[in-house]
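Student: Supplied in structure tokens, the structure appears directly below.
The values are calculated or read from the model by the stated rules, or taken from the named source; none is laboratory data. Because the structure is predicted, anything quoted here is derived from the model rather than measured. Note that each Cβ is placed from the backbone with ideal geometry, even for glycine, and that neighbours are counted across all protein chains shown. The area values use the complete protein model at the heavy-atom level, side chains included, leaving out ligands, DNA and RNA. Shrake-Rupley method; radii C 1.70, N 1.55, O 1.52, S 1.80 Å.
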Amino acid sequence: MESKQYTDFLLSIRTLSTGQLRHLGTRVDQQLRQDDVNHALEQRLKKLSRCVHCQSAHIVRWGHNAGLQRFRCKQCSKTFNELTKTPFTRLRNRNKLGTYAQCMVAGKTLRQAAKFCQISLTTSFRWRHHFLAKPEQHKAKQLSGIVEVDETFFRESFKGKRQITHRKPRQRGGGKACDAAPLVPVLLMLDRSEHEADFVLVSDCIAEVHPCMENRIKADSVLCTDGSQLYPNFAKNHKLFHKRILNENMARTLESGTFHIQTVNNYTARLKAWLPRFYGVGTDYLANYLAWWRSTAFEELSTGRDWLNEALSP
Ligand SMILES: [Zn+2]
């Protein structure tokens, strides 16, 4: 739009009624979300260099269909478009992706997001987990400096699972303590430069914890842990300085409070305050939620556009 036209347009806004202004606001918002989707699709198209079926690099452009670029693979002869193998292939919903990304940023529940975007609960579920699958791969590959490591526990939950395979479902309200669902251990590693890695474990034993930590902590780092027996041998074998913080008094005195596990404890406490909005997270999906929390806590993926780019990157 010419700048003169644009100035006139801006001036004309003054003459709009409240209802018209609201309507305009909604349309502007929709347009922005649509631009986000187009931008993310462009980015995906630029990076799409391999066949989504067989990973061959011998692909050629093969016309358009319903506004999407099609490709044909010379290796396996199959065709695909820029959204094949993503859960976003249903064309009529595609324009809602940008709005859904906003819902992710806002931490809306499945139902809230479904209602907001006018999509089914099933679609909402599928989209959320696709949005979350990429950040799940983004746990820190290397931590350095002062590295705090701790375990935390979540109640096992079969939410989102069709069949409970290995134990009888508990009865509602049958709240005897010994009846409570078992606890699922999670290992959290965090350095002071906001690098974080987390692992959902089956049990918190050395055989499971050490492989998670292997090659992830730079030599000469300072490992800060509680008094758990899980870590001393690891520190010794990997030439790490190890500060075991047995109580708060000790944390205060250790190099005037430099060595502590307060960062990882705060991180966990905030996570546990954030999770209840989802009314129980299925254990199978816990890793995805941990990834969501990581990006929320550190504001890495804080805009809808970033969420979209991330989810649609090949
Ligand atoms: Zn192929």
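Student: Among the residues of segment 214-248, write down those that are of a type in the set (A, V, I, L, M), more than 29 Å from the chain's Cα centre (by Cα) and open to solvent by 50 Å² or more (accessible area, probe 1.4 Å).
Tutor: First pass over segment 214-248, keeping only residues of a type in the set (A, V, I, L, M): 217, 219, 222-223, 230, 235, 240, 245-246.
Right, trim to more than 29 Å from the chain's Cα centre (by Cα) and you get 235, 240, 245-246.
Leu246, the sole residue that qualifies.
Student: Additional query: When segment 87-133 is examined, which residues are found to be part of a loop (DSSP other than H, G, I, E, B), modelled with pLDDT of 85 or more and small (Gly, Ala, Ser)? First the steps, then the outcome.
Tutor: Step one: list which residues in segment 87-133 are part of a loop (DSSP other than H, G, I, E, B), which gives 87-90, 106-109, 118-120.
When the remaining residues are screened for being modelled with pLDDT of 85 or more, the result is 108-109, 118-120.
The answer is Ser120, and nothing else.
Student: Please note which helices (runs of 4 or more DSSP H) are completely contained in segment 192-271 and include at least 1 residues that are more than 25 Å from Leu286 (Cα to Cα).
Tutor: Working: elements: 206-213, 232-237, 248-253.
Passing ranges, in order: 232-237, 248-253.
Student: For segment 77-96, state whether one or more residues are of a type in the set (Ser, Thr, Tyr), free of Cβ contacts under 8 Å to residues at least 24 places away in the same chain and closer than 17 Å to Ala311 by Cβ. So that I can check it myself, show each step before the final result.
Tutor: Going through segment 77-96, the residues of a type in the set (Ser, Thr, Tyr) turn out to be 77, 79, 84, 86, 89.
Of the ones still in play, those that are also free of Cβ contacts under 8 Å to residues at least 24 places away in the same chain are 77, 79, 89.
Subset that is closer than 17 Å to Ala311 by Cβ: 89.
Yes, segment 77-96 has at least one match.
Student: Do you know which of the residues in segment 50-74 that are open to solvent by less than 70 Å² (accessible area, probe 1.4 Å), out of contact with any Lys or Arg (no Cβ under 8 Å at 6 or more places or on another chain) and more than 8 Å from the ligand (Cβ to nearest atom) is farthest from Val37 (Cα to Cα)?
Tutor: Applying the filter and picking the extreme gives Ala66.
Student: Continuing with this model, one more query. For Arg294, state whether it is within 22 Å of Val186 (Cα to Cα) and among the basic types (Lys, Arg). It would help to see each step written out before you state the result.
Tutor: Values: within 22 Å of Val186 (Cα to Cα): yes; among the basic types (Lys, Arg): yes.
In short, yes.
Student: Read through the list (1) modelled with pLDDT under 90; (2) more than 16 Å from the ligand (Cβ to nearest atom); (3) open to solvent by less than 70 Å² (accessible area, probe 1.4 Å), then give the number of the only condition that Phe9 fails.
Tutor: Every condition holds for Phe9 apart from (3).
Student: Given (1) of a type in the set (Val, Ile, Thr); (2) farther than 15 Å from Gln102 by Cβ; (3) surrounded by 10 or more Cβ atoms within 10 Å (Cβ to Cβ), identify the lone condition not met by Val37.
Tutor: Going through (1) of a type in the set (Val, Ile, Thr); (2) farther than 15 Å from Gln102 by Cβ; (3) surrounded by 10 or more Cβ atoms within 10 Å (Cβ to Cβ) one by one, Val37 breaks only (2).
Student: Here is a follow-up. The conditions are (1) part of a helix (DSSP H, G or I); (2) within 28 Å of Ala133 (Cα to Cα), and Pro314 fails exactly one of them. Which is it?
Tutor: (1)
Student: Then there's this: Being surrounded by fewer than 19 Cβ atoms within 10 Å (Cβ to Cβ) and not acidic (Asp, Glu) is true for just one of Arg305, Arg277. Which residue is that? Quick ask: steps written out before the conclusion?
Tutor: Working: Arg305 fails: surrounded by fewer than 19 Cβ atoms within 10 Å (Cβ to Cβ).
Answer to the selection: Arg277.
Student: Under 7 Å between Cβ atoms, at least 6 apart or on separate chains: pull out the pairs that start in segment 115-144 with a residue that is within 30 Å of Ser193 (Cβ to Cβ) and end on any residue that is at pLDDT 85 or above and among the β-branched types (Val, Ile, Thr).
Tutor: Close Cβ pairs (under 7 Å, with a partner that is at pLDDT 85 or above and among the β-branched types (Val, Ile, Thr)) amount to Leu143/Ile217.
Student: Taking segment 249-274 as the search range and keeping residues that are modelled with pLDDT of 90 or more and of a type in the set (Lys, Arg), which one is least open to solvent (accessible area, probe 1.4 Å)?
Tutor: Among those that are modelled with pLDDT of 90 or more and of a type in the set (Lys, Arg), it is Lys272.
Student: Please go through segment 75-107 and pick out each residue that is buried (at least 20 other Cβ atoms within 10 Å of the Cβ) and within 18 Å of the chain's Cα centre (by Cα).
Tutor: Passing the criteria: Phe88, Leu97, Gly98, Thr99, Tyr100, Ala101, Gln102, Cys103, Met104.
Student: With Gly145, Gly160, Gly175 as the choices, which residue is farther than 15 Å from Leu286 by Cβ, surrounded by fewer than 18 Cβ atoms within 10 Å (Cβ to Cβ) and modelled with pLDDT under 90?
Tutor: Numbers: Gly145 fails: modelled with pLDDT under 90; Gly160 fails: farther than 15 Å from Leu286 by Cβ.
Exactly one of Gly145, Gly160, Gly175 is farther than 15 Å from Leu286 by Cβ, surrounded by fewer than 18 Cβ atoms within 10 Å (Cβ to Cβ) and modelled with pLDDT under 90, namely Gly175.
Student: For Thr84, state whether it is within 16 Å of the ligand (Cβ to nearest atom), under 28 Å from Ser124 (Cβ atoms), in a loop (DSSP other than H, G, I, E, B) and β-branched (Val, Ile, Thr).
Tutor: Values: within 16 Å of the ligand (Cβ to nearest atom): yes; under 28 Å from Ser124 (Cβ atoms): yes; in a loop (DSSP other than H, G, I, E, B): yes; β-branched (Val, Ile, Thr): yes.
For Thr84, the condition - within 16 Å of the ligand (Cβ to nearest atom), under 28 Å from Ser124 (Cβ atoms), in a loop (DSSP other than H, G, I, E, B) and β-branched (Val, Ile, Thr) - is met.
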